[in-house]
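What follows is a set of notes on a single structure, which appears directly below.
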Amino acid sequence: MKDKKISEKIDLIKKIFKLDPNKSLFIVSCTKEKIWDIMKETDQYYAAEKAYYGKEFKKFLEWYELFNLKVKGYYWIILSGKYGFIEPKHPITWYDINMANPNHYPISLKSLKNQCKQIRKWQLNGKYVNIKLNKFQNFICVNCDPFYIERIKSSLGDKNYIIVDNIEKIIGD
């Protein structure tokens with residue numbers, strides 16, 4: 001059983017690393033746990049990558065660094081119930097909005113679709129380039145629950161999706 005799990009991890013990693021980084025994007029789910037839950041008296045705004053404190057989010061960051069994914073040309077964004085698709089450095093403040101709960105008044109599907117068509121400026125190989133999320137062909141969805149996956153697919157359309165519902169399936173405890 002343990003050998004099968006190890007084999008599945010290796011197969012998933014190989015599948016991901018066969019993807020062209022220029023055509024592939026990681027989408028990581030936001031988390032309920034944020035820095036303000038840990039440090040009550042802290043700055044009002046943090047970069048999203050520093051603000052989210054969920055265990056699975058932290059595991060993704062470890063994995064991203066462990067495999068040198070940025071150096072290999074892979075980029076990632078966060079899907080937030082409040083802000084939508086945001087870059088890791090995007091400043092956020094405390095919120096408690098679950099996209100699946102309409103009583104939380106989350107970002108709308110229409111807004112997510114619009115974000116996928118908007119031009120963003122990203123730094124690639126030392127130069128700024130125009131990027132549209134809907135131009136990527138492969139999306140590696142990490143720690144996204146089924147509702148978030150549905151929103152991602154509805155926003156981006158007919159693409160190649162790899163679902164990693166628990167990053168520990170790749171890196172372990």
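The values are calculated or read from the model by the stated rules, or taken from the named source; none is laboratory data. These numbers were taken from a predicted model, which means no experiment stands behind them. Cβ coordinates were reconstructed from backbone atoms using ideal geometry, including for glycine residues, and neighbour counts include every protein chain displayed.
Scanning region 38-59 for residues that are under 18 Å from Asn98 (Cα atoms) and either loosely packed, with under 13 Cβ neighbours inside 10 Å or in contact with a Gly (Cβ under 9 Å, 6 or more places away or on another chain) (or both) gives a single hit, Lys55.
Starting from residues that are β-branched (Val, Ile, Thr) and farther than 23 Å from Leu124 by Cβ, keep the ones in region 67-113 and report whichever is surrounded by the most Cβ atoms within 10 Å (Cβ to Cβ). First the steps, then the outcome.
If we filter region 67-113 for residues that are β-branched (Val, Ile, Thr), which is where we start, we get 71, 77-78, 86, 92-93, 97, 107.
Cutting the leftovers down to farther than 23 Å from Leu124 by Cβ gives us 92-93, 97, 107.
Working: Ile92: 22, Thr93: 13, Ile97: 16, Ile107: 18.
Once the filter is applied, the top-ranked residue is Ile92.
Is it the case that some residue within region 105-121 is closer than 21 Å to Lys58 by Cβ and in contact with a helix residue (DSSP H, G or I) (Cβ under 7 Å, 6 or more places away or on another chain)? Among the residues of region 105-121, not one is closer than 21 Å to Lys58 by Cβ and in contact with a helix residue (DSSP H, G or I) (Cβ under 7 Å, 6 or more places away or on another chain), which makes the answer no. In summary, Gly84 fulfils each of the numbered conditions (1) within 16 Å of the chain's Cα centre (by Cα); (2) on the phi < 0 side of the Ramachandran plot; (3) at pLDDT 95 or above with the single exception of condition (2).
Of Lys14, Lys50, Lys32, all but one fail to be of a type in the set (Lys, Arg), at pLDDT below 95 and more than 13 Å from the chain's Cα centre (by Cα); the exception is Lys14.
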